[in-house]
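The values are calculated or read from the model by the stated rules, or taken from the named source; none is laboratory data. As the structure is a prediction and not an experimental result, all values here were calculated from the model. Note that each Cβ is placed from the backbone with ideal geometry, even for glycine, and that neighbours are counted across all protein chains shown.
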């Protein structure tokens, strides 16, 4: 059964994954959800992709398992420090495949980005195998640094959310989720709609260009209107921007606490999310990116109001090969304070 009361965060011992744990715990606390933390490894390649814990012999399952427990202990302490009780899981096997299977069981998965190798690389490394392209639930990707290596600060309270929306079913679902997300936090919502550049028209300030922009604004108003009825207290701002939606959302990530976007899956917009260093939103965003995957949208379409295709095919954790629920020892509080200060010195401000 789908555990719609819990979110999942993946850790690998990197600072990026601990930062994702902090964000996930903060979100879970606000939303009244449970948190589950998973550490995934595969043998014999685990030592090559490497936990940031003690290096161990290639293929030594006992040592790898011990390292995973230590990593989970630290991550759990970060959650505990925010008053969030977290369960801990160890997964053996290919992380990308296991996380896709796990995504059937949760309403949200959180992972860190810009870590050196490890989990982020395996789940976000290529368009064809990336978690956002194939997941059955939304994915939040939390950046550790910006492009220049500067540590990014994460706010305790989400007050500003941006969403990219068009008339596709992915864009509409992203808008729906962003509106509910913003309403739950009491945050303002900025809805961005991109107008493709047209040679001879874009930037001309002609009557024809103004007509095109007005038409896009009318379409945007129509998409937003039902949500304003549903959430009458939601503060909504609208922006029609020329050019690439990815560029607009990447720019918005500098001023907003979360950026929400729909993904068309393999190819399509996921190619823009992940595929190119010049266009990839996930590579360049400096705030968490909330991705609404293709399979999640399609599953919601195929189900009734209370059940979707993902929930009907979800399995309990003990039915998923390689997943083990495990208790971990309490981490050293001083070590956790050092980790928290290192991942975000301002995170309690």
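Annotations for the structure displayed:
- Condition met for residue 297 (part of a helix (DSSP H, G or I), touching a strand residue (DSSP E or B) at 6+ places or on another chain (Cβ under 8 Å), crowded, with 16+ Cβ neighbours inside 10 Å and at pLDDT 55 or above): yes
- Only one of the listed residues (63, 87, 77) is modelled with pLDDT of 85 or more, over 29 Å from residue 281 (Cα atoms), part of a helix (DSSP H, G or I) and not assigned by TED's automatic domain parsing to the domain that holds residue 282. That residue is 77.
- Residue satisfying all of: in region 17-59; in a helix (DSSP H, G or I) and more than 19 Å from residue 89 (Cβ to Cβ); modelled with the lowest pLDDT among these: 48
- Hey, residue 140 closer than 26 Å to residue 69 by Cβ, in a strand (DSSP E or B) and modelled with pLDDT of 90 or more or not: yes
- The set of residues from region 102-135 being at pLDDT 85 or above and touching a strand residue (DSSP E or B) at 6+ places or on another chain (Cβ under 9 Å) comprises 102, 103, 105, 106, 107, 108, 109, 110, 111, 112, 135.
- Of all residues in region 137-149, at least one satisfies being more than 28 Å from residue 234 (Cα to Cα) and crowded, with 16+ Cβ neighbours inside 10 Å.
- Against the numbered list (1) in contact with a strand residue (DSSP E or B) (Cβ under 8 Å, 6 or more places away or on another chain); (2) over 20 Å from residue 149 (Cα atoms); (3) at pLDDT below 90, residue 281 comes up short only at (2).
- Only residues that are at pLDDT below 95 and farther than 21 Å from residue 215 by Cβ were counted across region 235-255, and they come to 9.
- Residues of region 211-231 include at least one that is outside any helix (DSSP H, G or I), under 25 Å from the mean Cα position of the chain (by Cα) and assigned by TED's automatic domain parsing to the domain that holds residue 255.
- Residues satisfying the stated conditions in region 173-191, i.e. free of Cβ contacts under 8 Å to residues at least 60 places away in the same chain, over 16 Å from residue 289 (Cβ atoms) and part of a helix (DSSP H, G or I): 176, 179, 180, 183
- Per the conditions (1) assigned to a loop (DSSP other than H, G, I, E, B); (2) over 21 Å from residue 159 (Cα atoms); (3) touching a helix residue (DSSP H, G or I) at 6+ places or on another chain (Cβ under 7 Å); (4) at pLDDT 55 or above, the sole criterion not satisfied by residue 265 is (4).
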